[in-house]
Amino acid sequence: MALLAAVLILLQQPVETEIDEALSRFEAAAELEQALAVLSGQLAALGAQATNPIAQRLAQDLRDGMASASAPALIDALIGRPDAVAPLQAAFRDASTTAAGRIELAEALLHLDDARSWRAGLLAIASDDQGSLANRLHAIKILLEVEDGQAPGLLRGIVESIPGRPPEEQRQVVGFLRSHNSPLTRELLERIAGAGRAVDEPQVEIIDDQEPPLPRPSTALRQKKSETRDATFLTMPSILAGGVTLALLVLLGVEMLRKG
């Protein structure tokens with residue numbers, strides 16, 4: 001067994017080297033999109049013997065929630081290879097993996113036809129009221145993709161909490177809904193818009209058996225009235241000053257005529 005393990009290590013060393021060289025060339029490339037397609041082809045061409053090393057690199061890359069630019073090519077190279085899911089599943093279960101990392105790993109596993117092993121973990125993240133809103137929304141996005149029955153309720157709960165959230169988080173929720181065009185997100189956007197209209201509309205007081213109250217002046221009217229009142233107070237002194245000046249001139253003229 002020890003000899004077999006040593007042989008396997010020796011056989012894997014050239015594969016590891018080729019993977020490293022391919023990644024280095026990708027990182028040095030100027031045109032990212034074209035280089036990504038080339039990297040995907042190079043990794044896929046390495047065959048089944050490269051499955052585990054590529055999966056290990058991908059798992060390590062995603063664990064902190066900050067996927068590198070090469071991650072899509074690593075995932076593409078592992079599609080159709082069932083052996084690739086084990087390293088990713090192990091990284092997902094690792095207690096040191098961040099919540100954002102678990103979400104990234106779950107998304108990668110979904111691309112590799114594993115839609116179950118991570119489901120409970122993502123539901124826990126999406127349900128955590130104390131957790132990051134960005135992480136919760138990202139987790140819900142993936143759960144909606146697999147049509148998880150609890151995902152719509154979790155998203156509704158976040159939408160219902162909008163009034164108590166800071167403006168930045170409110171914009172984040174609305175942006176998420178706008179970027180995911182579905183009957184559910186359209187319904188929730190309409191609900192938010194309706195709640196906004198309800199807040200903007202003036203409240204109507206209903207009084208039975210009494211004369212209807214006088215309509216309240218609008219903000220514009222109140223402002224206009226305020227401006228008119230201010231203008232009145234400003235112009236009255238001017239009018240009074242003008243009247244006094246005219247009276248003095250008349251008296252001066254009378255006095256000059258009398259002396260003349």
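Just so it is clear, none of the values below were taken in a lab; they were calculated from the coordinates. Computed from a prediction, not measured in an experiment: that's the story for all the values here. Note that each Cβ is placed from the backbone with ideal geometry, even for glycine, and that neighbours are counted across all protein chains shown.
Remark: the GLU169-ALA86 segment gains 26.3 nm on full extension, using 0.36 nm per residue and subtracting the alpha carbon distance. In nm, give the distance between the simple-model label positions of GLU27 and ALA115, each being 7 Å from the Cα along the Cα-to-Cβ direction. Using points 7 Å along Cα→Cβ, the separation is 3.6 nm.
For the peptides 108-114, 143-149, the ranking by packing is 108-114, 143-149, with the highest mean count of neighbouring Cβ atoms within 10 Å listed first. By the count of other C-beta atoms within 10 Å, a proxy for reagent exposure, SER182, SER70, SER117 are ordered fewest to most as SER182, SER117, SER70.
3J(HN,Hα) couplings calculated from phi for segment 146-160 with the Karplus curve 6.51 cos²θ - 1.76 cosθ + 1.60 (θ = phi - 60°) are, in sequence order, 9, 6, 5, x, 8, 4, x, x, 5, 5, 4, x, 5, 5, 5 Hz; Gly and Pro show x.
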